[in-house]
Amino acid sequence: MRRESLPFAPVSVAEPKTDKAVRHRKIGACRVLGELGRGGMALVYRGLHELLQREVAIKELLPEGQRDKEALSRFRREALALAAFRHQNIVTLYDLVEKNDSLFMVMEYVDGPTLHALIKDGPLPPDVAAVIGARIASALDHAHFRRIIHRDLKPANVMLTKSGEVKLMDFGIAKDVGLEALTQQGMAVGTPSYMSPEQVTGAAIDARTDIFSLGVLLYEALSGTRPFVGKTAGEVFARIRDGKFTPLHKVAPGVPAPLARIVKRALAVKPEARFPDAAAMRRELDLFLAHEVRVSHPALLVAFLRYREKLTETEALAHLTQQELGVLDVFSAPKPAKRGQGQWKLAALVAGTVAAGTGLYLSQAQWMPLLEQLTR
């Protein structure tokens with residue numbers, strides 16, 4: 001995972017390291033199992049709360065971060081922000097531990113890939129991207145209600161669990177609108193490609209800055225490319241400020257028009273032209289999904305993660321009910337069939353899922369390519 005050149009870079013997640021000295025370390029009531037990854041100022045471990053027998057993620061502010069007053073303030077602010085939340089789509093904070101002049105956040109352990117990793121493997125199907133976007137919008141609505149603006153929304157800060165949940169994390173540069181900002185007025189804070197026009201120009205920001213960033217995230221998820229790119233941060237800032245990007249329908253013509261319009265509105269240069277709040281954007285995404293998806297949203301995400309080989313078939317089946325098993329067929333590549341058998345197999349697939357009570361809906365865009373492959 002590429003690290004952004006930020007003073008408080010996000011942590012990249014990897015397989016836990018098994019250094020014995022690390023595994024015997026104790027943080028409060030937790031025993032460290034291994035290292036998950038590190039960023040510019042922080043290190044994340046996988047741990048076990050020994051009394052509760054629950055896996056946790058332990059984020060440590062490194063010594064250089066302890067000496068950096070701004071990094072220290074951001075670490076504490078992230079902890080305070082997470083402590084204020086009670087939302088299924090925001091990673092949960094369990095404890096803040098101070099030990100040997102070091103600070104540690106004990107958090108929910110999310111066993112799954114980041115959205116960044118999923119996009120690297122290719123664009124997401126529109127229904128999958130819309131489900132993820134709707135869940136992020138719900139998390140933002142919860143945060144904004146508590147007067148906290150994320151300000152660094154990007155795919156690396158979104159994770160999917162193996163049970164089909166979406167988790168928003170890394171509130172390290174979040175701003176509480178009731179408190180004084182950490183950075184000086186006029187200083188841009190965030191990751192360049194995902195910043196709003198207000199952020200890059202140093203103007204006053206409100207919750208709608210996160211809506212713009214969510215628009216950038218959805219554009220990238222649907223197309224595999226970011227809307228605002230350039231050789232330098234200055235070029236990226238100029239394009240964001242002027243709203244110059246290739247329309248989504250040109251880079252991803254398969255995206256349904258209603259979903260493309262949602263992304264376009266979120267990417268409006270002027271805040272007043274965007275959705276008035278995250279709840280309004282979530283409602284539009286939910287309305288789109290109501291017409292496109294006839295299966296539970298977690299089941300759809302589980303099936304997609306299985307298709308992308310981010311979880312095993314056994315793990316997928318463990319999270320799907322008998323009525324939801326048919327959703328796996330939508331993502332499975334059809335096997336070649338003899339000519340004349342295609343229509344029967346397609347009918348059997350549809351009839352089988354309906355008979356199982358899945359309520360699975362195959363749109364024309366989904367079943368036409370399937371029919372063509374089956375009838376060759």
> Based on the alpha-carbon gyration tensor of the stretch 18-134, what equivalent-ellipsoid semi-axes (square roots of 5 times the eigenvalues) come out, in whole Å, largest first?
Replying inline: 27, 18, 16
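Relative to the present Cα-Cα distance, how much length would full extension add between residue 280 and residue 99 at 0.36 nm per residue of separation? Don't jump to the answer; show the numbers that get you there.
Details: separation 181, 0.36 × 181 = 65.16 nm, distance 4.32 nm.
Answer, rounded to one decimal: 60.8 nm.
Enumerate by residue number the GluC sites (Glu not before Pro) in the stretch 29-117 meeting two conditions: DSSP loop (anything except H, G, I, E, B), and at most 14 other Cβ atoms within 10 Å of the site's Cβ. Numbers along the way, then the final one.
Details: sites: 35, 50, 55, 60, 64, 70, 78, 98, 108; in loops: 50.
Answer in residue order: 50.
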> Which value does Rg/Rh take for the stretch 115-292 over its C-alpha atoms, Rh per Kirkwood?
Replying inline: 0.94
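Two decimals, Cα atoms only, Kirkwood Rh: what is Rg/Rh over the stretch 254-311? Let's see the in-between values first.
Numbers: Rg = 14.2 Å, Rh = 13.2 Å.
That ratio equals 1.08.
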> How large is Rg over Rh for the stretch 211-344, taking Rg from the Cα atoms and Rh as the Kirkwood inverse mean of 1/r across Cα pairs?
Replying inline: 1.08
> Extent of the stretch 78-150 along each principal axis, from alpha carbon coordinates, in Å, largest to smallest?
Replying inline: 47, 29, 17
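Can you give the Kirkwood hydrodynamic radius for the stretch 116-165, in Å, rounded to one decimal and based on Cα pairs?
12.1 Å
Just so you know, all these numbers are worked out from the coordinates, no wet-lab data involved. Keep in mind it's a predicted model, so treat the numbers as computed, not measured. Here Cβ is always computed from backbone atoms with ideal geometry, including for glycine, and neighbour counts include all displayed protein chains.
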